[in-house]
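Comments concern the structure below.
The values are calculated or read from the model by the stated rules, or taken from the named source; none is laboratory data. Computed from a prediction, not measured in an experiment: that's the story for all the values here. Reconstructed Cβ throughout: ideal geometry from the backbone, glycine too, with neighbour counts over all protein chains shown. Note: accessible area is taken over every heavy atom of the protein model, side chains too, but ligands, DNA and RNA are not part of it. Shrake-Rupley method; radii C 1.70, N 1.55, O 1.52, S 1.80 Å.
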Amino acid sequence: MTEQAAGPQASPWKNAARALRARRATLKSLFDLELTSYYLLVGSVLLLLGIGLLEVFSASSVNNLVNGRPILSSIRNQAVSATLGLGLMWTASRLPPRAYRALAYPALVGTVLSLLLVLAVGSSHNGNKNWLIIGPLTVQPSEFAKLALVLWGADLLVRKEKLLTTWDHLLVPLVPGAVVIIALVMVGGDMGTSIIIVAIVFALLWTAGAPGRLFSILLASAVGLATLAIVMRPSRVRRFTNFLTPDADPGGTGYQAIHSFQALAGGGWFGVGLGASKQRWGQLPEVQTDMIFAIVGEELGLIGTLTVLALFLALAYAGIRMALRTPDPFVRLVSASVTVWLAAQMMINLGAVTGVLPIAGVPLPFVSYGGSSLLPSLTAVGMLMSFARRRPEPLDAAGIAAAADPADADKTATRSATRPATRPAAKPSDTARNRPAAEPRPEGTPADR
């Protein structure tokens, strides 16, 4: 009787453990679906864009009022940019990879010409000369340079795939071309964008299989050049030496960081509510662009900031997942480099807002105000969506034989089905005899599992 009574008492625990395993298996199966990356990309970007529109409206309305501009001018411009960006994202999600490869060189040439035009007739702001004013539009070509470098670098490395065993083919002309773009951006004073471009180059080389020793040399060179660029401008020296102690200069280099900390600290767990930020009343410089994450923390609290971070992690997971699973080298290179681009830009922005990194003037992707950042970022995500929808499956032995010689397809399919999983490959002379029978693979089993 005692054993019989103990059975029902133990069964609820067993049932709970069994239910937990079943839910975990269900969740795992959801992440193994073919279109998981596609839905993660769409969901995370749309949510980030929605949060960005809300916070740009909250931050810019008061900022515009204080500075004598129309209250709704910023959110109207951002809404127009978001609409155009979503159109570009949808269009990009319908294009095949060969279309992007065809656009690689025209995009690179157009970017270089635009950067040269900025140096000639560009507009300056806060000491940086990065903008072109075209009628009512203000365009920052350095933001589009990221997308152009991704396309050109990926296409270049795929074309030279069989020659990438030597350093000279790995580096030339990719690194010299990137150096030209970085030099043009740095002449305008935009060091933050230059760091992201360096990260894109590193991602392309890493994905292409560059050796670790080459990375060490390139990293040392990049650090040396960055140090030189910092030393050459006194404002950068102050910014990079005072970011750990902003209280040392509360009215100068530490002013922006101090008010950013106050915004984050004032939000608490759940925030003060949308539209209730105090720092947006002129205290926090660049409140709707570089420092918008501080307003997210103040109005939505720690929960809101963690939500934004989780959405970026989901976006990065989708990009890495695609890069690891695709058999197409161009898709792999583009997926990895776009993921590094967006992740690096996010980390630099969040690091500046939280005081972990110096303030580099980098916008938060999909959230900060500015069409020049939003349009290429949404286009890049649309490109990843296209790859997620069209990811080709590797052919099995029967498919390869059918593609090569339809007459041999049946023979190869029989050999593939009857080959034991643990048996070593047989010699060519033994392929037609002495092979034990095995269960053929059931229909519908994915070829890459």
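Pairs are defined by a Cβ separation below 6 Å, a sequence spacing of at least 6 or placement on different chains, a first member in segment 155-180 that is in a helix (DSSP H, G or I), and a second member that is loosely packed, with under 12 Cβ neighbours inside 10 Å and at pLDDT below 95; the pairs so defined are His169/Leu163. Here Val353 meets each of (1) closer than 19 Å to Ala148 by Cα; (2) surrounded by 24 or more Cβ atoms within 10 Å (Cβ to Cβ); (3) over 17 Å from the mean Cα position of the chain (by Cα) with one exception, condition (1). Taken together, the residues in segment 313-331 that are assigned to a helix (DSSP H, G or I), in contact (Cβ under 8 Å) with a residue 24 or more places away in the chain and surrounded by fewer than 21 Cβ atoms within 10 Å (Cβ to Cβ) amount to 6.
Of all the listed residues (Thr227, Thr253), the sole one being open to solvent by 70 Å² or more (accessible area, probe 1.4 Å) and of a type in the set (S, T, N, Q) is Thr227. Cβ-Cβ distances below 8 Å connect the following pairs, each with a first residue in segment 204-231 that is polar (S, T, N, Q), a second residue that is buried (at least 16 other Cβ atoms within 10 Å of the Cβ) and assigned to a helix (DSSP H, G or I), and a separation of six or more residues or different chains: Thr207/Ala323; Thr207/Arg332; Thr207/Leu333; Thr207/Ala336; Thr207/Ser337. Within the bounds of segment 117-133, is there any residue that is of a type in the set (Phe, Trp, Tyr), over 21 Å from Leu384 (Cβ atoms) and open to solvent by 80 Å² or more (accessible area, probe 1.4 Å)? No, because not a single residue in segment 117-133 is of a type in the set (Phe, Trp, Tyr), over 21 Å from Leu384 (Cβ atoms) and open to solvent by 80 Å² or more (accessible area, probe 1.4 Å). Residues that are of a type in the set (Ser, Thr, Tyr), in a helix (DSSP H, G or I), in contact (Cβ under 8 Å) with a residue 24 or more places away in the chain and in contact with a helix residue (DSSP H, G or I) (Cβ under 8 Å, 6 or more places away or on another chain) are absent from segment 92-99.
Of the residues examined, Leu88 is not one that is touching a Ser or Thr at 6+ places or on another chain (Cβ under 9 Å), assigned to a loop (DSSP other than H, G, I, E, B) and surrounded by 12 or more Cβ atoms within 10 Å (Cβ to Cβ). Of all residues in segment 12-40, none that is over 11 Å from Arg321 (Cα atoms) has its Cβ atom under 8 Å from the Cβ atom of a residue that is at pLDDT below 75 and open to solvent by 60 Å² or more (accessible area, probe 1.4 Å), 6 or more apart or on another chain.
Considering Val362, Val367, Val287, the condition of being among the β-branched types (Val, Ile, Thr), open to solvent by less than 20 Å² (accessible area, probe 1.4 Å), part of a loop (DSSP other than H, G, I, E, B) and modelled with pLDDT of 95 or more is satisfied by Val367 alone. For segment 249-257, the count of residues that are over 20 Å from Pro285 (Cα atoms) and within 30 Å of the chain's Cα centre (by Cα) is zero.
Residue-wise test of (1) out of contact with any helix residue (DSSP H, G or I) (no Cβ under 9 Å at 6 or more places or on another chain); (2) open to solvent by 20 Å² or more (accessible area, probe 1.4 Å); (3) modelled with pLDDT of 95 or more; (4) not hydrophobic (A, V, I, L, M, F, W, C).
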{"position": "Phe261", "(1), (2), (3), (4)": "no, yes, no, no"}
{"position": "Gly266", "(1), (2), (3), (4)": "no, yes, no, yes"}
{"position": "Val296", "(1), (2), (3), (4)": "no, no, yes, no"}
{"position": "Leu311", "(1), (2), (3), (4)": "no, yes, yes, no"}
{"position": "Asn349", "(1), (2), (3), (4)": "no, no, yes, yes"}
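In this structure, Val179 does not qualify as more than 24 Å from the chain's Cα centre (by Cα) and open to solvent by 60 Å² or more (accessible area, probe 1.4 Å).
Restricting attention to segment 52-79, the residues that are at pLDDT 90 or above, farther than 16 Å from Leu364 by Cβ, open to solvent by 80 Å² or more (accessible area, probe 1.4 Å) and part of a helix (DSSP H, G or I) add up to 1.
Filter segment 130-177 down to the residues that are in contact with a strand residue (DSSP E or B) (Cβ under 8 Å, 6 or more places away or on another chain) and hydrophobic (A, V, I, L, M, F, W, C) and list them by number. The answer is Trp131, Leu132, Ile133, Val139.
Filtered by the rule that a residue be closer than 17 Å to Gly254 by Cα, among the hydrophobic types (A, V, I, L, M, F, W, C) and either in contact with a strand residue (DSSP E or B) (Cβ under 9 Å, 6 or more places away or on another chain) or free of Cβ contacts under 8 Å to residues at least 60 places away in the same chain (or both), segment 343-365 gives Leu350, Val356. With respect to Thr193, determine if the residue is among the hydroxyl-bearing types (Ser, Thr, Tyr), assigned to a helix (DSSP H, G or I) and within 30 Å of Ser74 (Cα to Cα). It is true that Thr193 is among the hydroxyl-bearing types (Ser, Thr, Tyr), assigned to a helix (DSSP H, G or I) and within 30 Å of Ser74 (Cα to Cα). Remark: pairs (first residue in segment 233-245, polar (S, T, N, Q); second residue buried (at least 17 other Cβ atoms within 10 Å of the Cβ); Cβ separation under 8 Å; 6+ apart in sequence or on different chains) = Asn242/Thr253; Asn242/Gly254; Thr245/Gly254. When Ala336, Ala380 are checked against the criterion of being over 21 Å from Val287 (Cβ atoms), touching a residue at least 40 places away in the same chain (Cβ under 8 Å) and open to solvent by less than 10 Å² (accessible area, probe 1.4 Å), Ala380 stands alone in meeting it. Screening the candidates Val198, Val231 for the property of being under 25 Å from the mean Cα position of the chain (by Cα) and of a type in the set (A, V, I, L, M) yields one hit, Val198.
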